[in-house]
Structures are given as C-alpha cells and as structure tokens.
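S.K.: Below is the structure I would like to discuss, written out as structure tokens.
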Amino acid sequence: MLTPQGLKGKQYRITGNAYPRLGRPPKKSRKVIAGIAALLALALIGLGGVQLYDIFTGKNKNSSAQACATPSGKALAAPTPTAAPGAPAASGAPAAPQGDPHAIPQPAAVTVNVYNATTKAGLAGRTAEELKKRGFTIGKVGNAPAELDKKVPGTAQVIAGPGGAGAATLLVSQIAGATATADARTDASVDFVVGDSYNALLDETQAAAALALATKPSPTPTATGSC
C-alpha cells in the first residue's frame with residue numbers, strides 16, 4: 001500500500017500497469033517557488049547593471065587606489081623659518097619676505113610711537129627707553145591723545161595700519177595682556193599706548209616665547225578617508 005504525495009492521504013494499491021493520477025502541487029508551494037525565482041532574477045539584473053556602469057564610467061579598483069595616492073609623491077615642504085626678531089640675523093639665515101605686511105620685521109625696521117594714557121608721569125619716556133634698548137626705532141613720545149587718555153584699562157594698546165600688521169604682532173609680544181587694533185594709517189608705524197595695568201615689559205626671553213607662540217603655524221590638515 002502506498003500513499004504518494006499529492007493524493008491527500010488516500011491509499012492506493014498499485015496493480016498491473018495502471019497508476020493513480022497525481023494531483024498538482026499545492027498553490028502555496030507554487031507561490032514560494034515563483035517568489036524565489038523572481039528574487040534571483042532581480043539579483044542578476046542588479047549585478048549586471050553595476051558591472052555595466054563600471055565599464056562605461058571607467059571606475060575600477062585601480063582608479064580608486066590612484067585617487068588615494070599623493071599626486072606628486074613628494075612630502076609637503078616645511079615652512080621656511082626666518083631670523084628671530086629681536087636678535088641679529090644669523091649668517092645665511094633667510095630674510096623675511098619683502099612687501100608682506102604680516103611678515104615679522106626686525107625691531108630696527110619698526111618705528112614705535114609711545115604714548116602714556118595713565119596718570120603716572122614719565123611712563124612713556126621710560127617705556128620708550130626700554131624699547132630702544134631692544135632695537136626698536138622710537139618715534140613720538142608723550143601723552144596719549146584725548147580719545148585714548150585714561151581710556152586704556154589693560155596693560156597696553158597697540159595700534160597699526162594695514163601695512164604694520166607684522167610690526168604690531170612683534171610689539172604686542174613685548175608686554176603681557178596687550179591688545180592690538182587697526183586704524184587707517186598708510187605707513188608701517190605702530191603706536192604703543194601704555195594703559196593703567198602696565199608695570200614693565202616682559203623680559204626678552206619671555207617676549208621671544210610669546211612671539212613664537214603668536215606666529216606658530218597651524219597644523220596642516222591630513223586626509224582621513226580610507227582606501
């Protein structure tokens with residue numbers, strides 16, 4: 001006695017050459033098979049489309065590797081150092097770029113006007129003498145103009161025009177807490193206005209360290225993408 005699949009539990013005896021007629025597979029099985037076939041067809045179509053896209057656009061693994069390589073194959077050059085302001089230029093040391101208002105000049109190339117915005121008599125003259133010892137060229141010395149007189153609460157205010165940006169940076173490094181502002185003057189002179197909190201200039205070692213910190217280049221950004 002046999003119970004073939006599709007005969008719904010009925011049992012049949014096989015005799016002679018006559019066999020029972022098998023029924024069609026259940027509809028649920030046909031739907032599952034059709035679904036699997038459709039998914040396989042979609043996957044093949046998608047894979048073929050990607051390959052065709054790569055062929056027509058020229059994208060491949062080799063081009064991706066080339067995109068991650070440095071174009072020239074050379075390391076970036078480090079910034080060229082200049083002679084330290086406030087000290088004699090060493091023999092063979094490169095000079096600061098000419099015509100660059102942001103380049104740090106030598107003190108002798110900076111004309112400083114020293115003004116006293118406090119009630120302490122003689123403060124501008126003493127400060128001018130200290131700056132002169134450090135190599136600065138001294139211009140005008142006297143009381144601050146009315147718009148600044150007794151209106152500088154910090155240690156000092158440094159004022160320069162567009163052409164004196166580097167000179168202002170150099171001068172600001174000579175005193176802790178000094179601030180820099182810009183005006184419309186056309187020359188490279190710098191005004192050093194002594195404020196209420198001023199006591200003395202930084203010593204030369206501290207001033208050199210402050211200048212180095214102010215002119216330290218920003219780190220060069222590096223690529224973070226993976227290849």
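The values are calculated or read from the model by the stated rules, or taken from the named source; none is laboratory data. Fair warning: this is a prediction, and the values are worked out from it, not measured in the lab. All Cβ positions, glycine included, derive from the backbone under ideal geometry; neighbour counts span all protein chains shown. Ligands, DNA and RNA are excluded from the accessible area calculation, which covers all protein heavy atoms including side chains. Shrake-Rupley method; radii C 1.70, N 1.55, O 1.52, S 1.80 Å.
S.K.: When the stretch 158-180 is examined, which residues are found to be closer than 14 Å to Val194 by Cα and among the β-branched types (Val, Ile, Thr)?
M.R.: Once the filter is applied, which keeps residues that are closer than 14 Å to Val194 by Cα and among the β-branched types (Val, Ile, Thr), the stretch 158-180 yields Val158, Ile159, Val172, Ile175, Thr179.
S.K.: Further question on the same structure: Got a number for residues in the stretch 134-157 being outside any loop (DSSP other than H, G, I, E, B), open to solvent by 30 Å² or more (accessible area, probe 1.4 Å) and closer than 17 Å to Asn199 by Cβ? Reasoning before the result, please.
M.R.: First pass over the stretch 134-157, keeping only residues outside any loop (DSSP other than H, G, I, E, B): 137-143, 156-157.
Among the residues that remain, those that are also open to solvent by 30 Å² or more (accessible area, probe 1.4 Å) are: 137-141, 143, 157.
Retained after the next criterion (residues that are closer than 17 Å to Asn199 by Cβ): 157.
So the count comes out to 1.
S.K.: Which of the residues spanning the stretch 196-207 are within 29 Å of the chain's Cα centre (by Cα) and open to solvent by 60 Å² or more (accessible area, probe 1.4 Å)?
M.R.: In the first step, residues of the stretch 196-207 are kept if they are within 29 Å of the chain's Cα centre (by Cα); the result is 206-207.
Gln206 - this is the single residue of the stretch 196-207 that is within 29 Å of the chain's Cα centre (by Cα) and open to solvent by 60 Å² or more (accessible area, probe 1.4 Å).
S.K.: For the stretch 158-174, name all the residues that are in a helix (DSSP H, G or I) and closer than 18 Å to Asp100 by Cα. Lay out the reasoning, then the answer.
M.R.: So the first thing to find is which residues in the stretch 158-174 are in a helix (DSSP H, G or I), and the list is 162-172.
Scanning the stretch 158-174 gives Pro162, Gly163, Gly164, Ala165, Gly166, Ala167, Ala168, Thr169, Leu170, Leu171.
S.K.: Given the condition assigned to a helix (DSSP H, G or I) and among the acidic types (Asp, Glu), answer yes or no: does some residue in the stretch 183-205 qualify? Before you say what the answer is, go through the steps one by one.
M.R.: If we filter the stretch 183-205 for residues that are assigned to a helix (DSSP H, G or I), which is where we start, we get 204-205.
With among the acidic types (Asp, Glu) added as a condition, the list becomes 204.
Yes, there is a match, as at least one residue in the stretch 183-205 is assigned to a helix (DSSP H, G or I) and among the acidic types (Asp, Glu).
Each row is one residue, and each column tells you yes or no for (1) within 27 Å of the chain's Cα centre (by Cα); (2) touching a residue at least 60 places away in the same chain (Cβ under 8 Å); (3) loosely packed, with under 13 Cβ neighbours inside 10 Å.
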position: Ile159; (1), (2), (3): no, no, no
position: Ser173; (1), (2), (3): yes, no, no
position: Thr179; (1), (2), (3): yes, no, no
position: Val194; (1), (2), (3): no, yes, no
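S.K.: Check whether at least one residue in the stretch 100-107 is within 16 Å of Thr215 (Cβ to Cβ) and without any contact (Cβ under 8 Å) to a residue 60 or more places away in the chain, and report yes or no.
M.R.: Let us first name the residues in the stretch 100-107 that are within 16 Å of Thr215 (Cβ to Cβ), namely 100-107.
Going one step further and asking which of them are without any contact (Cβ under 8 Å) to a residue 60 or more places away in the chain, we end up with 106.
Yes, because at least one residue in the stretch 100-107 is within 16 Å of Thr215 (Cβ to Cβ) and without any contact (Cβ under 8 Å) to a residue 60 or more places away in the chain.
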